[in-house]
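Asks: Take a look at this one; I'll ask things after.
The values are calculated or read from the model by the stated rules, or taken from the named source; none is laboratory data. Since this is a predicted model, take the numbers as computed values, not measurements. Backbone-built Cβ (ideal geometry, glycine too); neighbour counts: all protein chains shown.
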Amino acid sequence: MDALLSLSNLKKYYATQKAVDDISFDIKRGSIFGLLGPNGAGKTTLLRMITGIFYPDGGSIILDGQPFNPIEDIQKIGYMPEERGLYKKMKIGEQALYLAQLKGLSKAEATEKIKYWFKKFEMETWWNKKVEDLSKGMSQKLQFVITVLHEPKLIILDEPFSGLDPLNANLIKEEIYNLAKKGATIIFSTHRMEQVEEICDHIVLMNLGKKILDGSVTDIKQQFKENSFVIQTDQSVGIKENAIFNTMSHIENKIIVKINPGYQSNDVLKYLLQENINIVSYNELLPSLNDIFIHLVENTHATARAFQNVQN
Amino acid sequence: MNKIWLIIQREYSSRVKNKRFLILTFLMPLLIVGLIAASAYLSISGVEHRNIAVVDPNGFIKNSLKNTNQISFSFPNNIDTNNYTQKGYTDILILPSFEKNKKADYILRSKKSMGLMLQESISNKINSAIEDQMLQDAGIKQSILDSIHSASQFAELKAYEDKGKSSKESNAGLAMGIGYASGLLIYMTMFIYGAMVMRGVMEEKTNRIAEVIISSVKPFELMMGKIIGIGAVGLTQFLLWIVLIISLTSVAMGFLPSDIQHQVTTLQQSNGQMAGGMMQASESAVKIYNIQHTINTANWPLIIGCFIFYFIGGYLFYAALFAAVGSTVNEDPQDAQSLMFPITMPLIFSYIITNMVTQNPNTPIAFWASIIPFSSPMVMMARVAYGVPSAVSYWELALSMITLIAGFIFTTWLSGRIYRTGILLYGKKVTWKIMFKWAFKNS
């Protein structure tokens, strides 16, 4: 597998907690990767290690085939933190220029790219405005532009859609797809599951500093499916108790059933046909990521985390 | 290195281009001059006139009490404490019957209370009147007394420093003035620019832009860029002030009548002596020459060189500490107040020592305070004004400079370690104990 980023046994311990506790995974080049987890799971700490802000206490990071070097590799990474900020009093154009130059672009290069992106996002008139004059959504767009300006190979977006209206959210979403198509790898950290389901190819779920789930969205859904099916009939019918399945819910023409162990989905169909019921549609019911997330994280006392002690 | 330069540029230009900087730079000297002028004016015009009625049973100092433009004494008859205001007097002074060599109470009653200065001046006047009266009683004539009084103006002390074979005119008053002014200036700039660094760091932290920048540069680079950039703003401001003062003085000199200007030049060429037979120098020309001459007795290159060194050194020493405090502050700016306390205390304390040292540059406390980097920028400037090597020996100056350099390297290192943890930490109240833990734990 051609991995752009591969983490092995990454650890970061604070005095009162294991923020990241032995995490390993790979991220494929050009993929959109979702890093999920409840608040305080250690996502931000993990991202800060990937961006070189924190040194790991243990483990290794391989970026683009080479051990991660925070000083050299800065230009390969674009990071948009969750709590984002800009200089309020600085002009927007100058601000973008300054941050792009800090990433290592020359002034001419940076100016050209800023102009390209500002045009693309219809922000040309903003150049001489100050950030304090922008709305939250507008500064979010600006922040996104600043993150991707230097064409990083790895783009890390922490909750990129919070505060955006659907129109602007779509604009950013389209851009994320575009960037991935052009070969950039995107790490997408959020706890908004419907966005992950829509955008991400591959996800990792973290809780209490540990990885508890790793795989493609479809695989994970398969893994957590409960052999449930949705049956639509042409009219409301009665279904008797039987050995093949249990009726989970029955609302008018829509029946949700759970197949008992030892039976296949075709056994349900056979039974229904025997009963002379007219079937309009028959689909497998896959769990949503939201259900899986809640199922896995519930009852782990994630909220009591701050009081856990580290023994080492 | 390239990135630190970018940060310095931004910190510098965003402040220098700011309107507030320009206003402060050009209004501050005017404001200071205005304040001095205003207080001088007030001290002249604000003086009240006192018309004092004197009840003198002996009639004995009537001739010796002298009127001034503030106080006039009269000796009316039929006056007492009940009617003096009706008769147009502000105060009444009641003298006891006089006995030789005995202290007595002289009573002054007023409707409006009298300031301490005025009271003292009246008391002095009475005492010298008594003295004069006693001398006259002993048979000394008034004319002799007057000539003795004027003798107190005869001696004018001119001090010289011995430097090997040659000696140089020294001026303690000027040294004190320079020492005090440069100490005060360094004290103020430590506060102003230190607080500016702290606010800048706080702004970056609370705006959360620190995290964006730190994913591009190292925290230490960000901190140093800010400290150096703001320091450069300070130096620019000084430079502009110096240029402003020099040009204002030369403009002011240009307004002098041409004959006075000519006389001043002649005095300069002839080292203060007017060639006999030629025109007599006017009083104002002599005054201007004397001011210029006094100012020229100071070793300006040394003082300016030391000032720049101690300004930069002291600034780096304190600015790093202010940056560390700024990095630990959360949303609430009031947290900064309590954390700043351990930094502002030594600053204020050094300022107090500086005030002492300007009068007495060679006490042990002056020596130690000029070596310890917490206070050396201010205290050493106050001492250097008295001359090197006459007041401060070369090794003392060198030692002070070396400890200051070592000091700011240490505070920068310490603050760098506090800063890199503090700048990304939110929602936790930080104490000095925690900051020391960050600074000295190994990681």
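Asks: Would you check which residues across segment B:226-264 are β-branched (Val, Ile, Thr) and over 26 Å from B:Tyr187 (Cα atoms) and list them?
Replies: Let us first name the residues in segment B:226-264 that are β-branched (Val, Ile, Thr), namely B:227-228, B:230, B:233, B:236, B:242-243, B:245-246, B:249, B:251, B:260, B:264.
Once the filter is applied, which keeps residues that are β-branched (Val, Ile, Thr) and over 26 Å from B:Tyr187 (Cα atoms), segment B:226-264 yields B:Val251, B:Ile260, B:Val264.
Asks: Conditions: (1) assigned to a strand (DSSP E or B); (2) within 13 Å of chain B (Cβ to nearest Cβ); (3) over 22 Å from the mean Cα position of the chain (by Cα). A:Ala19 meets all but one. Number of the miss?
Replies: Checking A:Ala19 against (1) assigned to a strand (DSSP E or B); (2) within 13 Å of chain B (Cβ to nearest Cβ); (3) over 22 Å from the mean Cα position of the chain (by Cα), the one that fails is (3).
Asks: A follow-up question, please. Quick check on segment A:87-100. Is at least one of its residues under 28 Å from the mean Cα position of the chain (by Cα) and surrounded by fewer than 17 Cβ atoms within 10 Å (Cβ to Cβ)?
Replies: no
Asks: Then there is this: What about A:Asn266, is it in a helix (DSSP H, G or I) and either under 34 Å from the mean Cα position of the chain (by Cα) or not assigned by TED's automatic domain parsing to the domain that holds A:Asp201 (or both)? So that I can check it myself, show each step before the final result.
Replies: Working: in a helix (DSSP H, G or I): yes; either under 34 Å from the mean Cα position of the chain (by Cα) or not assigned by TED's automatic domain parsing to the domain that holds A:Asp201 (or both): yes.
Yes, satisfied.
Asks: Condition first: closer than 15 Å to A:Asn290 by Cα and either over 11 Å from the mean Cα position of the chain (by Cα) or among the aromatic types (Phe, Trp, Tyr) (or both). Can you find one or more residues in segment A:202-209 that meet it?
Replies: Yes.
Asks: With respect to A:Ala41, determine if the residue is surrounded by 22 or more Cβ atoms within 10 Å (Cβ to Cβ), modelled with pLDDT under 90, in contact with a strand residue (DSSP E or B) (Cβ under 9 Å, 6 or more places away or on another chain) and within 14 Å of another protein chain (Cβ to nearest Cβ). Full working, then the answer.
Replies: Values: surrounded by 22 or more Cβ atoms within 10 Å (Cβ to Cβ): yes; modelled with pLDDT under 90: yes; in contact with a strand residue (DSSP E or B) (Cβ under 9 Å, 6 or more places away or on another chain): yes; within 14 Å of another protein chain (Cβ to nearest Cβ): no.
For A:Ala41, the condition - surrounded by 22 or more Cβ atoms within 10 Å (Cβ to Cβ), modelled with pLDDT under 90, in contact with a strand residue (DSSP E or B) (Cβ under 9 Å, 6 or more places away or on another chain) and within 14 Å of another protein chain (Cβ to nearest Cβ) - is not met.
Asks: Filter segment A:164-189 down to residues that are of a type in the set (S, T, N, Q) and crowded, with 17+ Cβ neighbours inside 10 Å and give me whichever is nearest to A:Val148 (Cα to Cα).
Replies: Our first condition is that a residue be of a type in the set (S, T, N, Q); within segment A:164-189, this holds for A:168, A:170, A:178, A:185, A:189.
Still in the running and crowded, with 17+ Cβ neighbours inside 10 Å: A:168, A:185, A:189.
Working: A:Asn168: 16, A:Thr185: 11, A:Ser189: 16 Å.
It comes out as A:Thr185.
Asks: So, B:Ile192, is that one more than 14 Å from chain A (Cβ to nearest Cβ), within 30 Å of A:Leu102 (Cα to Cα) and surrounded by fewer than 17 Cβ atoms within 10 Å (Cβ to Cβ) or not? Even if it seems obvious, please write down each step before you answer.
Replies: Values: more than 14 Å from chain A (Cβ to nearest Cβ): yes; within 30 Å of A:Leu102 (Cα to Cα): yes; surrounded by fewer than 17 Cβ atoms within 10 Å (Cβ to Cβ): yes.
Spelling it out, B:Ile192 is indeed more than 14 Å from chain A (Cβ to nearest Cβ), within 30 Å of A:Leu102 (Cα to Cα) and surrounded by fewer than 17 Cβ atoms within 10 Å (Cβ to Cβ).
Asks: Then there is this: Checking the conditions here, which among A:Lys103, A:Lys113 is away from chain B (no Cβ under 14 Å), crowded, with 17+ Cβ neighbours inside 10 Å and of a type in the set (D, E, K, R)?
Replies: Working: A:Lys103 fails: away from chain B (no Cβ under 14 Å).
Among A:Lys103, A:Lys113, only A:Lys113 is away from chain B (no Cβ under 14 Å), crowded, with 17+ Cβ neighbours inside 10 Å and of a type in the set (D, E, K, R).
Asks: Can you tell me which of (1) modelled with pLDDT of 85 or more; (2) more than 13 Å from every other protein chain (Cβ to nearest Cβ); (3) in contact with a helix residue (DSSP H, G or I) (Cβ under 8 Å, 6 or more places away or on another chain); (4) in a helix (DSSP H, G or I) is the one A:Tyr98 doesn't meet?
Replies: Here A:Tyr98 clears every test but (2).
Asks: Next up: Name every residue in segment A:44-80 that is touching a strand residue (DSSP E or B) at 6+ places or on another chain (Cβ under 9 Å), within 9 Å of chain B (Cβ to nearest Cβ) and within 17 Å of B:Arg420 (Cα to Cα), in order of residue number.
Replies: A:Arg48, A:Thr51, A:Gly52, A:Ile53, A:Phe54, A:Tyr55, A:Asp57
Asks: Also, I was wondering about something else. So, B:Leu6, is that one touching a Leu at 6+ places or on another chain (Cβ under 9 Å), within 14 Å of chain A (Cβ to nearest Cβ) and modelled with pLDDT of 80 or more or not? It would help to see each step written out before you state the result.
Replies: On the way: touching a Leu at 6+ places or on another chain (Cβ under 9 Å): yes; within 14 Å of chain A (Cβ to nearest Cβ): yes; modelled with pLDDT of 80 or more: yes.
Yes: the conditions hold for B:Leu6.
Asks: A follow-up question, please. If a residue has to be touching a Phe, Trp or Tyr at 6+ places or on another chain (Cβ under 6 Å) and modelled with pLDDT under 80 to count, how many in segment B:411-443 make the cut?
Replies: Selection size over segment B:411-443: 0.
Asks: Let me ask something else. In segment A:136-146, what residues are surrounded by fewer than 19 Cβ atoms within 10 Å (Cβ to Cβ) and within 14 Å of chain B (Cβ to nearest Cβ)?
Replies: A:Lys136
Asks: On the given criteria, is A:Leu149 touching a residue at least 40 places away in the same chain (Cβ under 8 Å) and either within 14 Å of another protein chain (Cβ to nearest Cβ) or over 17 Å from A:Tyr79 (Cα atoms) (or both)? Steps first, answer last, please.
Replies: Details: touching a residue at least 40 places away in the same chain (Cβ under 8 Å): yes; either within 14 Å of another protein chain (Cβ to nearest Cβ) or over 17 Å from A:Tyr79 (Cα atoms) (or both): yes.
Against the criterion (touching a residue at least 40 places away in the same chain (Cβ under 8 Å) and either within 14 Å of another protein chain (Cβ to nearest Cβ) or over 17 Å from A:Tyr79 (Cα atoms) (or both)), A:Leu149 qualifies.
Asks: Take the residues of segment A:55-95 that are under 19 Å from A:Ile114 (Cα atoms) and among the small types (Gly, Ala, Ser): which is modelled with the lowest pLDDT?
Replies: Step by step, filter segment A:55-95, then rank; the result is A:Gly85.
Asks: Moving on to the next point. Please indicate, with yes or no, whether at least one residue in segment B:214-235 is aliphatic (A, V, I, L, M) and without any contact (Cβ under 8 Å) to a residue 60 or more places away in the chain.
Replies: The answer is no, given that none of the residues of segment B:214-235 is aliphatic (A, V, I, L, M) and without any contact (Cβ under 8 Å) to a residue 60 or more places away in the chain.
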